[in-house]
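What follows is a set of notes on a single structure, which appears directly below.
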Amino acid sequence: MSNSIFGTLNFSIRVVHSNQSQRNKDRARLDTILDYIAQNYRHISIEEIAGIAYLQPGYFCRFFKKCMGITFLEYQNELRLSFIYQDIISTDDSIKDILERHGFTNYKLFRRMFFEHFKASPTEVRKTHDTKKNS
């Protein structure tokens, strides 16, 4: 009976250690992915980022969503929107130039996403910020 208990305990310890090791590998892989995205978010495909992580594109998409709670495309667009917002309030560059700088090519899609996220158009955000800056 005690051999059975020790065998079960030994197996349980190996499973816990294996799970921890996998979590550490997943975390390291995710850190590599996020670092790469931060440097290359403008024009990056799923195939490219999956290759950086040494994963197949389909598995990469599942892995990313499991780890981050959102899809790769949602994350990439959130990152772009945050950089675009900063440029809108801190530069006088045209919206078109800002969009191109941050990898947005579809203006209609951008406007819809920006409005959904910030509840204002890019022009309204700029005007509001300029008004606050000049007060």
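Here the simple spin-label model places points 7 Å from the Cα toward Cβ, and for residue 115 and residue 54 these points are separated by 4.6 nm.
Evaluating 6.51 cos²θ - 1.76 cosθ + 1.60 at θ = phi - 60° for every residue in region 94-103, the Karplus couplings come out as 5, 4, 4, 5, 5, 4, 4, 4, 9, x Hz, glycine and proline recorded as x. Its Cα gyration tensor gives region 75-134 an equivalent ellipsoid; the semi-axes, largest first and in whole Å, are 18, 12, 10.
Going from the residue with the fewest nearby Cβ atoms within 10 Å to the one with the most, 84, 89 rank 89, 84. Measuring against 21 Å, Cα to Cα, the residue pairs 25/66; 65/96; 96/127; 66/108 contain 65/96; 66/108 as the ones spanning a longer distance. Of the trypsin sites (Lys or Arg not before Pro) in region 76-135, the ones in a loop by DSSP (not H, G, I, E or B) with at most 10 other beta carbons within 10 Å are 119.
Computed from the coordinates by the stated procedures, all read-outs in this text should not be read as laboratory data. In this text, all values refer to a predicted model and were calculated from it rather than measured experimentally. With ideal geometry, Cβ positions are generated from the backbone for all residues, glycine too; neighbour counts draw on all protein chains shown.
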